[in-house]
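Before any comments, here is the structure.
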Amino acid sequence: GTDEAALTEIICIKTKPELDDIKKVYKQEYKKDLMKEIKKETSGDLRDIFVQQISDKKEKEAKVNEAKAKQDAKDLHENPSPALLKQIFQNHFTATADAYRRLYNEDISVPIKKVCPGEVGSAYSALAKEDSAVFFAEKLKNAMNGI
């Protein structure tokens, strides 16, 4: 089966240039298009997240409506829902995550975990991390919890 956790760690953490390199090498090495393989091997919200991340049309967030991002952060804090999270992801996820952090002094992954258990929640949480070192440090801590 598909290792969705591995896909999350790669697709949701790598930068756009790194993903472009991965797509190129994947095509050279395996003679297959990574986007087509992702679409074939995944489904639902997780597929949507992965496809947006590896798409050439990946959101640049250069012209984000900061007031809307702040309002979405408030809405997510007060009434978290999968539908709201998906709408935020499609429009201005990074700006909303930043606004959430400023408003509530906690990571946006807190409400994410409430409404999106499993790998979809992990993917959103990975995208919310400011850099990959934070994501991997948290993964290491959780992996060694109880040791």
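Annotations for the structure displayed:
- The sum of -39500 (n - 2.57) across all DSSP H runs of n ≥ 4, divided by the residue count of the chain, sets its helix-only mean residue ellipticity at 222 nm to -23000 deg cm²/dmol.
- Inter-probe distance in nm under a simple model that places probes 7 Å from Cα toward Cβ, at K31 and K63: 4.3
- Whole-Hz couplings from phi, Karplus 6.51/-1.76/1.60, listed for region 31-41; x for Gly and Pro: 6, 9, 7, 4, 4, 5, 5, 4, 4, 6, 8
- Per residue accessible area of region 66-145, 1.4 Å probe, in Å²: 53
- The trypsin sites (Lys or Arg not before Pro) of region 8-52 that meet both conditions, a loop assignment by DSSP and at most 11 other Cβ atoms within 10 Å of the site Cβ, are K31, K32.
- Note on region 4-55: Rg/Rh from C-alpha atoms, Kirkwood Rh, equals 0.93.
- Cross-link partners of K139 among lysines, defined as those whose alpha carbon lies under 20 angstrom from its own and excluding same-chain residues fewer than eight positions apart: K14, K113, K114, K129.
- The convex hull drawn around the Cα atoms of region 66-145, when projected onto a plane and averaged over every direction, covers 5.1 nm².
- Using C-alpha pairs below 8 Å separated by at least 6 residues, the relative contact order for the chain is 26 percent.
- Protein accessible area in region 1-91, 1.4 Å probe - carbon and sulfur %: 48
- Region 1-78: relative contact order in percent, alpha carbon pairs under 8 Å with at least 6 residues between: 28
- Compared with the direct C-alpha span, the chain from A133 to Q87 gains 13.9 nm at full extension, assuming 0.36 nm per residue.
- Radius of gyration, Dmax [the chain; alpha carbons; angstrom]: 15.6, 47
The values are calculated or read from the model by the stated rules, or taken from the named source; none is laboratory data. All figures in this text were calculated on a predicted structure; none of them were measured in a lab. Note that each Cβ is placed from the backbone with ideal geometry, even for glycine, and that neighbours are counted across all protein chains shown. These area figures cover heavy atoms from the full protein model, side chains too; ligands, DNA and RNA do not enter into them. Shrake-Rupley method; radii C 1.70, N 1.55, O 1.52, S 1.80 Å.
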